[in-house]
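Only one structure is covered here, and it is reproduced in the block below.
The values are calculated or read from the model by the stated rules, or taken from the named source; none is laboratory data. Keep in mind it's a predicted model, so treat the numbers as computed, not measured. Neighbour counts run over all protein chains shown; Cβ positions are idealised from the backbone, glycine included. Remember, those area values only see protein heavy atoms, side chains included, never the ligands or the DNA or RNA. Shrake-Rupley method; radii C 1.70, N 1.55, O 1.52, S 1.80 Å.
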Amino acid sequence: MHENKRQKKILITGITGQTGSYLADLFISEGCEVHGIVRRASSFNRSRIEHLRANPEIYGKKLFLHYSDLDDSTTIRRILFKTEPDELYHLAGQSHVGLSFEIPESTCQETASATLAILEICRDLKNPPRIYHASSSEVFGSPSESPQKETTAFRPATPYGCAKAFATNMASVYRRAHGLFVCNGIAYNHESPRRGENFVTCKIAAAAAAHARGRRECLELGNLNAERDWGYAPEFARAMAAMLHHDSPDDYVIATGHSSSVREFALAAYRAVGIELAFEGSGHAEVGFEMGSGKVFIRVNPHFYRPVEPTRLVGDSSKALEILGWRASITAKGVAEIMARAEMDSQSR
Ligand code: GDD
């Protein structure tokens, strides 16, 4: 390494989100200068980076926050021109698939159009950064093959999946047509104790901990048969960085290769806090109860069903292993245990 080499500059959109905050931790620990784009909102949602912001050795010295919204491309342009990052991790956007049925237009603006705007801005930079685009397994929708890999056809089934498919295709076009160093990380579900409370894993972990502490109300869930390939977000953040540190840009599936149902995730999370669950009934009448006591802890509520959804998504990350040397070591059961135990700790504070 060159002794006087300047610190690498990283820009993260979505730095206050789950995976953006892990990327910030990773790059700060590596001595990089990290810039993050945050929304100027009336209430602050910075809890995931508060440990960095509260540290005077880091905030204002290694970590810098800039205000902008994804629909404000003038400000994003200004930030990119001013910070001149070496690497840009574009993670921001409406990330809730179910919600995308309620707010499809803003989902498409944030996820599809804003990504295109960022690619356009980067094209104008004298030294464009290497770009990571947070694509999603939702692009596969109802997949023609399982497990899915980089060559699997996009068949999105949700407004969110359509928007991600557009942005993913655009990123590939800008790589080929304009020579930008852009990588699509086609990431499957990645979870952690920093996960937002709207996502099923967080709902389950929080309820398991609360039930273990004596809560009485039931957890209401939607489709218990839906299967997902759940991995651990800090491991996925490392895959994202590895893509931009490779010699050439490409697209990679980031997944564990194991699929589990929502029901199985719940069994593992409850077991981690000492509750052995069993399920009985079917469809909307299915319930999850504690073996022994018979207490019902989980009920199905059709409100949480989605109009359409991919029922079985599982990824094949062998390309990431072969080229980047990356593989996931934690699968759904491990993630459920980590999240449920973290909830037990945080609820005891
Ligand atoms: N959110 C939620 N709430 N989902 C539920 C519930 C519930 O009460 N009950 C069952 N589910 C099912 C959903 O129908 C879905 O099949 C599965 O649980 C996972 O839902 P989410 O945790 O909301 O995640 P997602 O798979 O829709 O989307 C996540 O992963 C994508 C990658 O595949 C998000 O992180 C996306 O942003 C990401 O792109």
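Within segment 204-254, the set of residues being under 21 Å from Ala171 (Cβ atoms) and of a type in the set (Ser, Thr, Tyr) comprises Ser248, Tyr252. Within the set Pro147, Pro104, the sole residue that is within 24 Å of Pro307 (Cα to Cα) and crowded, with 21+ Cβ neighbours inside 10 Å turns out to be Pro147.
Among the residues of segment 272-285, are any open to solvent by 10 Å² or more (accessible area, probe 1.4 Å), at positive phi and at pLDDT below 95? Yes - at least one qualifying residue is present in segment 272-285.
In segment 310-329, what residues are open to solvent by less than 40 Å² (accessible area, probe 1.4 Å) and either of a type in the set (Gly, Ala, Ser) or within 16 Å of the ligand (Cβ to nearest atom) (or both)? First the steps, then the outcome.
First, pick out the residues of segment 310-329 that are open to solvent by less than 40 Å² (accessible area, probe 1.4 Å): 310, 313-315, 317, 320, 324, 326, 328.
Matches in segment 310-329: Pro310, Leu313, Val314, Gly315, Ser317, Ala320, Ala328.
Here is the figure for segment 304-331: residues that are touching a helix residue (DSSP H, G or I) at 6+ places or on another chain (Cβ under 7 Å) and within 14 Å of Phe236 (Cβ to Cβ) total 8.
Based on this model, can you work out whether Ile15 counts as modelled with pLDDT of 95 or more, open to solvent by less than 70 Å² (accessible area, probe 1.4 Å) and not in a helix (DSSP H, G or I)? So that I can check it myself, show each step before the final result.
Values: modelled with pLDDT of 95 or more: yes; open to solvent by less than 70 Å² (accessible area, probe 1.4 Å): yes; not in a helix (DSSP H, G or I): yes.
Answer is yes for this residue.
If you take the residues of segment 69-92 that are in a loop (DSSP other than H, G, I, E, B) and at pLDDT 95 or above, which of them is most open to solvent (accessible area, probe 1.4 Å)?
Applying the first criterion (in a loop (DSSP other than H, G, I, E, B)) to segment 69-92 yields 69-72, 84-86, 91-92.
Now restrict to residues that are at pLDDT 95 or above: 84-86, 91-92.
Numbers: Glu84: 116, Pro85: 7, Asp86: 50, Leu91: 35, Ala92: 23 Å².
That would be Glu84.
Here the condition is being of a type in the set (S, T, N, Q), more than 28 Å from Gly231 (Cα to Cα) and touching a residue at least 60 places away in the same chain (Cβ under 8 Å); of Thr75, Thr83, it holds for Thr83 alone. When Gly141 is tested against (1) in contact with a helix residue (DSSP H, G or I) (Cβ under 7 Å, 6 or more places away or on another chain); (2) open to solvent by less than 20 Å² (accessible area, probe 1.4 Å); (3) more than 9 Å from the ligand (Cβ to nearest atom); (4) at pLDDT 95 or above, just one condition goes unmet, and that condition is (4). Filter segment 200-214 down to the residues that are in contact with a strand residue (DSSP E or B) (Cβ under 9 Å, 6 or more places away or on another chain) and open to solvent by 40 Å² or more (accessible area, probe 1.4 Å), then identify the one that is farthest from the ligand (Cβ to nearest atom). Filtering first and then ranking leaves Lys203. When Cys218 is tested against (1) modelled with pLDDT of 95 or more; (2) within 15 Å of the ligand (Cβ to nearest atom); (3) open to solvent by less than 10 Å² (accessible area, probe 1.4 Å); (4) among the hydrophobic types (A, V, I, L, M, F, W, C), exactly one condition is not met: (3).
Screening the candidates Ser146, Ser95, Ser100 for the property of being small (Gly, Ala, Ser), assigned to a loop (DSSP other than H, G, I, E, B), touching a residue at least 40 places away in the same chain (Cβ under 8 Å) and farther than 30 Å from Gln7 by Cβ yields one hit, Ser146. Close Cβ contacts (under 8 Å, 6 or more residues apart or on different chains) running from residues in segment 271-288 that are farther than 16 Å from Arg299 by Cβ to residues that are among the hydroxyl-bearing types (Ser, Thr, Tyr) comprise Glu276/Tyr270.
Taking Ser113, is it out of contact with any helix residue (DSSP H, G or I) (no Cβ under 8 Å at 6 or more places or on another chain) and either more than 12 Å from the ligand (Cβ to nearest atom) or open to solvent by 50 Å² or more (accessible area, probe 1.4 Å) (or both)?
Values: out of contact with any helix residue (DSSP H, G or I) (no Cβ under 8 Å at 6 or more places or on another chain): yes; either more than 12 Å from the ligand (Cβ to nearest atom) or open to solvent by 50 Å² or more (accessible area, probe 1.4 Å) (or both): yes.
Criteria met by Ser113.
Pairing residues of segment 227-251 that are away from the ligand (no atom under 13 Å from the Cβ) with residues that are hydroxyl-bearing (Ser, Thr, Tyr) and part of a helix (DSSP H, G or I), at Cβ distances under 7 Å and at least 6 apart in sequence or on separate chains, gives Pro234/Tyr22; Ala237/Thr19; Ala237/Tyr22; Asp251/Ser172. Pairs meeting the criteria (first residue in segment 194-205 and within 15 Å of Val97 (Cβ to Cβ), second residue more than 9 Å from the ligand (Cβ to nearest atom) and of a type in the set (D, E, K, R), beta carbons under 7 Å, at least 6 apart or on different chains) are Lys203/Glu197.
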